[in-house]
Every structure is written in C-alpha cells, then in structure tokens.
Amino acid sequence: RLYVGTIMRGKRIWYVFGIMFFGLISLWTRTFYLQVAEGKNLSMRAEGNRLRTIPIVAERGIIYDRFGTEMVHNVPNFSLSIIPQGLPNPVSQKEMYTKLLERLSLVTGQSYEEISRQLSRARQSTYQTLTIKENLDYLTAISLYLLNNDLPGIVINTGSRRFYGPILSTSS
C-alpha cells in the first residue's frame, strides 16, 4: 500500500526540516547583520550613489550696441572631462588604464604624468567630473564622442563660450 506520505518517514523528515531551519537561520542572521551592524555604513554609501551634482551653466545673452549690431554672442564649446570612478582600476586593470591615459595624452596634448597627477587628486571625489581640456575643436569632439564606448569614464561636455567682437556677415 503506497500512498502520499509514505516516502518520507522518521529521520528523513527531520533532515529536511533541519536543512530548512538552518537556511532560515542563515538568512535571518545575514539580514540582521546587514540591517543593524552595517546599516548606517551601507545607507551612507547608497546615498552617495544616489546623488550626483551635475552643474548646468546658463547660456548668457547676446549684447548689442546702440545701433543694433551684435557685439558679444555665444559660440558652441566642447570640453573633455573624466569621471574618475568610471575609469578602469589602475591596479587591477593597469594595461587598459595606461592605454586610456596615453590616448588622452595624444588628444589633449598634455603629458601622461600631468593627466595622472590630476586624476590622483580627483580620486577623492566620487562622481565629480574633472575637466582635462576645454575648447576642443568640433572634429576632435565628435571623434571622441564616437569612441565613447572604447573610452570608459570619458565625457564630452557641450556648452557655449563668449565671442567678443563684431560679427562678420557673409551675406551682402
């Protein structure tokens, strides 16, 4: 006579309940540790990941002289910035890190050591961007933007800068 319930008898049932009890105690202990013992530390780390300050600079207006001629206007501007936390780890991914800084050195005209020194000072801040080169020409900015997948941690910022002087008109 076989029926449901005859497969597990005696010691087998206690083994299954013992394993389930041990699993629940393990989960409860880990939850307690994360919530109570490490809760404050993990909460501060999560808050740091949540908030990122990205300044957005307002574009300034055009200035006209008394005859209605533009004296000052805004022209597009591109700058190369780095998010230090987005870069490869200089210890565990040394080769990738070195290649990236060498590539940046070629693009910006700054030495490898200078970029490395700027980065070592900026490593303290979490996700603040570090501007490496301003006033990139359009073709360089576009080529860096297209290579963005191959350059982790590199950001091309767009903005505007002031151009002072009369506007030369091409139409007569």
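The values are calculated or read from the model by the stated rules, or taken from the named source; none is laboratory data. Quick caveat, the model's predicted, so the values are computed rather than measured. Neighbour counts are summed over all protein chains in view; Cβ atoms, including those assigned to glycine, are modelled from backbone coordinates with ideal geometry. Accessible surface areas use protein heavy atoms only, side chains included; no ligands, DNA or RNA. Shrake-Rupley method; radii C 1.70, N 1.55, O 1.52, S 1.80 Å.
Which numbered condition in (1) in contact with a helix residue (DSSP H, G or I) (Cβ under 9 Å, 6 or more places away or on another chain); (2) modelled with pLDDT under 75; (3) more than 25 Å from Tyr145 (Cβ to Cβ) is the only one that Leu34 fails?
(2)
Which of the residues belonging to the stretch 74-97 are open to solvent by less than 30 Å² (accessible area, probe 1.4 Å), touching a Pro at 6+ places or on another chain (Cβ under 7 Å) and outside any loop (DSSP other than H, G, I, E, B)?
The answer is Tyr97, and nothing else.
Here is a list: Ile156, Ile115, Ile167. Which entry is open to solvent by less than 90 Å² (accessible area, probe 1.4 Å), modelled with pLDDT of 80 or more and not in a helix (DSSP H, G or I)? Write out each step before concluding.
On the way: Ile115 fails: not in a helix (DSSP H, G or I); Ile167 fails: modelled with pLDDT of 80 or more.
Matching residue, one of Ile156, Ile115, Ile167: Ile156.
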